1. For the chain, what does the accessible surface come to per residue with a 1.4 Å probe? Please give it in Å².
2. At a 1.4 Å probe radius, which order do ARG28, ARG85 fall into by accessible area, largest first?
3. Show GLU80, GLU31 ordered by accessible area, largest first, where the area counts protein heavy atoms only and the probe is 1.4 Å.
4. With a 1.4 Å probe and every protein chain left in place, tell me how much accessible area VAL81 has, in Å² to the nearest 10.
5. Based on Cβ point charges of +1 for Lys and Arg and -1 for Asp and Glu, what charge dipole magnitude is obtained for the chain about its Cα centre, in debye rounded to the nearest 20?
6. In a solvent-free Debye calculation with one equal scatterer on each Cα, what is log10 I(q)/I(0) for the chain at q = 0.13, 0.26 Å⁻¹, listed in the order of the q values?
7. Once neighbouring chains are kept in place and the probe is 1.4 Å, which whole percent of the accessible area of the chain is contributed by carbon and sulfur?
8. Between TYR71, ASN17, SER58, whose Cα lies farthest towards the positive end of the dipole of the chain when Lys and Arg beta carbons carry +1 and Asp and Glu beta carbons carry -1, centred on the Cα centre?
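The values are calculated or read from the model by the stated rules, or taken from the named source; none is laboratory data. Small disclaimer: the values here were computed from a predicted structure and weren't measured. No Cβ is skipped: glycine too gets one built from the backbone with ideal geometry, and neighbour counts run over all protein chains shown. Only protein heavy atoms, including side chains, enter the accessible area calculation; ligands, DNA and RNA are left aside. Shrake-Rupley method; radii C 1.70, N 1.55, O 1.52, S 1.80 Å.
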Amino acid sequence: TPSDYAIVLHTYPNPFNSKTTIKFLIIRDSEVELTIYNISGQKIERLLNGYFTKGQISCGWDASDYPSGIYFYQLRAGEEVATKRMTLLK
């Protein structure tokens, strides 16, 4: 079923070298949290946490301090949660 709160669009670039941008669409005004996890499921960074109005959001992540590997970004908007994968290559 379609999302009521947000749609994760993509990261660009992915794979990436140090910096990437996560883009998503907020369909309904809501509390939004965007968090990065490592391959072990440990939370390593929270990029966004607050109330956002509907519209497209872009959020950059500078991973210069992290090793190459698979990472996950998790978007929570309203009652919905979406998790996607990205690859850091140095």
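1. About 59 Å² of surface per residue is accessible.
2. I get ARG85, ARG28, largest accessible area first.
3. Output order, biggest surface exposure first: GLU31, GLU80.
4. Solvent-accessible area, nearest 10 Å²: 80 Å².
5. With only Lys, Arg, Asp and Glu charged at Cβ, the dipole is about 280 debye.
6. Each listed q corresponds, in turn, to -0.39, -1.35.
7. C and S atoms contribute 48 percent here.
8. Value: ASN17.
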